[in-house]
1. Taking the stated definitions as given, is Trp37 touching a helix residue (DSSP H, G or I) at 6+ places or on another chain (Cβ under 9 Å), closer than 25 Å to Thr323 by Cα and modelled with pLDDT of 95 or more?
2. Step by step: first the residues of segment 208-226, then only those that are in a helix (DSSP H, G or I) and among the hydroxyl-bearing types (Ser, Thr, Tyr), then the one that is nearest to Leu334 (Cα to Cα). Which residue is that?
3. Can you name the residue in segment 166-181 that is open to solvent by 70 Å² or more (accessible area, probe 1.4 Å) and assigned to a helix (DSSP H, G or I) and is also nearest to Gly122 (Cα to Cα) among such residues?
4. Among the candidates Ala161, Ala205, which residue alone is free of Cβ contacts under 8 Å to residues at least 24 places away in the same chain, among the small types (Gly, Ala, Ser) and assigned to a helix (DSSP H, G or I)?
5. For Gly328, are the conditions met, namely being assigned to a helix (DSSP H, G or I) and modelled with pLDDT of 95 or more?
6. Within segment 95-141, track down each residue that is open to solvent by less than 40 Å² (accessible area, probe 1.4 Å) and of a type in the set (Ser, Thr, Tyr).
7. Condition (residue is out of contact with any Lys or Arg (no Cβ under 6 Å at 6 or more places or on another chain), without any contact (Cβ under 8 Å) to a residue 60 or more places away in the chain and charged (D, E, K, R)) applied to segment 102-118: is it met by at least one residue?
Amino acid sequence: MALVQIDIPKPSDRNPSRFDTIFALGFRPLYLLSAIWAAVAVVLWIFTPQLLTGTLNGVWWHAHEMLWGFIATVAVGFLLTASATWTGRNPLKSWGLACLCAIWLIARIAYLLPAATAFVVGAIADVVFFVYGAIALARVLYKVKSKQNYPLVVALLGLAASNAVYLYMVAMGQVVYLRTGFHIGMLVMTFIALLIGRRVIPFFAQRGANLDIPRSEKSGKYQLWLSALAVVSLVAGVHVLTSVLLFVLAGITLYQLYSWQPLGVRKVPLLWVLYISYGLLGLGLLAAAVYFLPLSHGVLPPATFVHLIGMGGFSVMIIGMMTRTALGHTGRPLRASKLMVMAYVFVVLATVLRLLAIFVPMILSAINSSDLAIGNNVVSSSINAAGVITGLWHASACFWVIAFLAYVYQYAPYLTSPRADGRPG
């Protein structure tokens, strides 16, 4: 009779350490760090801008930290997690993942220091973060020949490259090219958001709301090609072509959303938040198309499409995805709590108020013109405009900060403790 050997798990396998738990999968530390930074970075920018004394400062620090420091960081965390599901292999864990997080943290701190050397250290760390993430992702995708996901590796390298160009232009003081570098980074991130959104939103809707909706695979391929071509045309400086591509891209995105039966998810917060984000992303692409069209120069302020896409598209999607995927990967029921529903509403409100602030000068300018006709004091009206804009900024920032701190408050215990169902990972 043959003996059957039984492997008795080690104590460390049964009771993983807090370190092993936190750094078990990419979403755990990166979601938590990103949510904290989303709140801290906005507080610094809106309420204590005098503390931004580094080489990267002012509005360019704010733009950089929202795109690469927050939004793109969440994308890295999501892709490191999703790729483990796609391939059955964890691309980064334990000390490797801890090193990635440390590199990210070095960049955030370095940019706040006034020394030029600190900026160089931060810039190197920032670019290495995305390259490191891309290599980890490429390694597991290549091993299983997951060719349909190879473009995501290229996209992460695109984030690294656009980040490097942006930071180089900061060092050189080339403000004109800074805006172009930022726009390129926005379009690269749009490529990632469209790819992820088009894949997961129909899947989540079918499972969470029993909707029989199309996966939009064919139009999804067109989306990816169009967004990639838009990046190339923007790099080449062909703004007319960029505008045309963005118009078509916006049309496809909004049509997809319409075909996904949006009214069918109105009672499921985990879904309607993603639908809202996808719709705002489509509207943001439409605004970007108008902005890049030479004939319509000045029709829309540049901040319009940046905040529609960045806050409405990316960030609303992020708060929804960080909730849904964290619940799933920590073995908890897929239901949004009342606190998180409030957070969803607050991020949307923050977006609306920030967009209103953009158009206040245009509205009050029209009012001022009529005031001149009846002899009113225009200087007084301008002071009021500044007050209204500041008030909207502050209100938007407060909603934003409360929303992401609410996520940290509820999800920090989930992200730093073992799965609720006792399974590993």
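1. Numbers: touching a helix residue (DSSP H, G or I) at 6+ places or on another chain (Cβ under 9 Å): yes; closer than 25 Å to Thr323 by Cα: yes; modelled with pLDDT of 95 or more: yes.
Considered against the rule, which asks whether it is touching a helix residue (DSSP H, G or I) at 6+ places or on another chain (Cβ under 9 Å), closer than 25 Å to Thr323 by Cα and modelled with pLDDT of 95 or more, Trp37 comes out as yes.
2. Quick first cut of segment 208-226, residues in a helix (DSSP H, G or I) only: 208-209, 217-226.
This time we only want the ones that are among the hydroxyl-bearing types (Ser, Thr, Tyr), so: 219, 222.
Working: Ser219: 29, Tyr222: 31 Å.
Per the stated criteria, the residue is Ser219.
3. Start the filter on segment 166-181 by keeping residues that are open to solvent by 70 Å² or more (accessible area, probe 1.4 Å), which leaves 168, 172, 174-177, 179.
Within this subset, residues satisfying the condition of being assigned to a helix (DSSP H, G or I) are 168, 172, 175-177, 179.
Working: Tyr168: 12, Met172: 16, Val175: 19, Val176: 22, Tyr177: 20, Arg179: 20 Å.
Looking at residues that are open to solvent by 70 Å² or more (accessible area, probe 1.4 Å) and assigned to a helix (DSSP H, G or I), I get Tyr168.
4. Details: Ala205 fails: free of Cβ contacts under 8 Å to residues at least 24 places away in the same chain.
Answer to the selection: Ala161.
5. Numbers: assigned to a helix (DSSP H, G or I): yes; modelled with pLDDT of 95 or more: no.
Criteria not met by Gly328.
6. If we filter segment 95-141 for residues that are open to solvent by less than 40 Å² (accessible area, probe 1.4 Å), which is where we start, we get 96-98, 100-101, 103-104, 107-108, 110-111, 118-119, 122-123, 125-127, 129-130, 133-134, 136-138, 140-141.
Passing the criteria: only Tyr111.
7. Scanning segment 102-118 turns up no residue that is out of contact with any Lys or Arg (no Cβ under 6 Å at 6 or more places or on another chain), without any contact (Cβ under 8 Å) to a residue 60 or more places away in the chain and charged (D, E, K, R).
Let's see how each residue does on (1) in a helix (DSSP H, G or I); (2) farther than 30 Å from Ser17 by Cβ; (3) at pLDDT below 55:
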| residue | (1), (2), (3) |
| --- | --- |
| Leu372 | yes, yes, yes |
| Ser380 | yes, yes, yes |
| Gly387 | yes, yes, no |
| Leu405 | yes, no, no |
| Gln410 | yes, no, no |
| Asp421 | no, no, no |
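The values are calculated or read from the model by the stated rules, or taken from the named source; none is laboratory data. The shown structure was predicted, so the numbers you read here are calculated from the model rather than taken from an experiment. Virtual Cβ from ideal backbone geometry, glycine too; neighbours counted across all protein chains shown. Areas reflect the complete protein model, heavy atoms only, side chains present, ligands, DNA and RNA absent. Shrake-Rupley method; radii C 1.70, N 1.55, O 1.52, S 1.80 Å.
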